[in-house]
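The values are calculated or read from the model by the stated rules, or taken from the named source; none is laboratory data. A quick note: this is a predicted structure, and the numbers were derived from the prediction, not measured. When we count neighbours, we look across all protein chains shown, and the Cβ atoms used for this are built from the backbone with ideal geometry, even at glycine.
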Ligand SMILES: C[S@@+](CC[C@H](N)C(=O)[O-])C[C@H]1O[C@@H](n2cnc3c(N)ncnc32)[C@H](O)[C@@H]1O
């Protein structure tokens, strides 16, 4: 996957991109990230990227010309309009659609992505209307700029690229990937300050371990995110277990 990031602050990225899974994905050739400084696409003497808003009010607004030129130059780099056709140009925005694991999976199926990081009061509305194809928010709060949001997307998407996590870190069982939260994990020591790892995990009985994990995943989702159970794909056995949880919570007056 090739990800192009348009930002005023490209130096914010390398520390995160060059460690751990993202570093590995790049070394494997599964991920290429190209950082483009929006300022490099200005044509005026002072390299102005932002201006005060028409109509007054506080803050500055990112000008449309350098952003359009940056995206259009990617088309030129790719040598053909066709290569760029259908490529999502995604604006990081607190007004965008809320980012989820489902959107990460959707984006992981793309060959290329363009992520546009806003700053100040955001981008000129014509960028939204005539350039970007999507807007994504990483949560209902306002950040200073889109750089962290872009990194969140790059990270979540890269984990889903083939072979990047390897078998032992497979993403299929992660929280949200299955529509449920993942259950608890334990590692050595088996007894830490008298808090003992559940026997079943040390039993070596694969089917029992799998069932325990499924039930703990259901329990955790029931406790923390019951809304997710409305859309999760559940078996008869899962429904029976949830029924048990419901009875238990009635019994203890939860
Ligand atoms: C200070 S914010 C601008 C907020 C804008 N004035 C508004 O009220 O919608 C500057 C930039 O940070 C990024 N940003 C802020 N919060 C974000 C969020 N929750 N998700 C994604 N990007 C965000 C966007 O790129 C935005 O253009």
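Worth pointing out:
- Residue match in the stretch 38-50 (condition: within 25 Å of the chain's Cα centre (by Cα), closer than 30 Å to residue 159 by Cβ and free of Cβ contacts under 8 Å to residues at least 40 places away in the same chain): yes
- Test: residue in the stretch 99-121 that is near the ligand (Cβ under 6 Å from one of its atoms), in the same structural domain as residue 57 (by TED's automatic domain parsing) and touching a helix residue (DSSP H, G or I) at 6+ places or on another chain (Cβ under 8 Å): yes
- Only a single item in (1) in contact with a strand residue (DSSP E or B) (Cβ under 6 Å, 6 or more places away or on another chain); (2) more than 21 Å from residue 63 (Cβ to Cβ) is not met by residue 5, and it is number (2).
- Yes/no for residue 32 being loosely packed, with under 15 Cβ neighbours inside 10 Å, assigned by TED's automatic domain parsing to the domain that holds residue 160 and touching a residue at least 12 places away in the same chain (Cβ under 8 Å): yes
- Qualifying residue in the stretch 139-156 (condition: at pLDDT 95 or above, in the same structural domain as residue 69 (by TED's automatic domain parsing) and assigned to a strand (DSSP E or B)): yes
- Whichever residue in the stretch 128-143 is touching a strand residue (DSSP E or B) at 6+ places or on another chain (Cβ under 7 Å) and within 17 Å of residue 5 (Cα to Cα) and, among such residues, is nearest to the ligand (Cβ to nearest atom): 137
- Within this structure, residue 166 passes the test of being free of Cβ contacts under 8 Å to residues at least 24 places away in the same chain, over 27 Å from residue 68 (Cβ atoms) and either away from the ligand (no atom under 11 Å from the Cβ) or within 16 Å of the chain's Cα centre (by Cα) (or both).
- Candidates 58, 96, 86 - the one that is at pLDDT below 95 and within 16 Å of the ligand (Cβ to nearest atom): 58
- Hits in the stretch 144-153 - residues which are within 6 Å of the ligand (Cβ to nearest atom) and over 26 Å from residue 72 (Cβ atoms): 144
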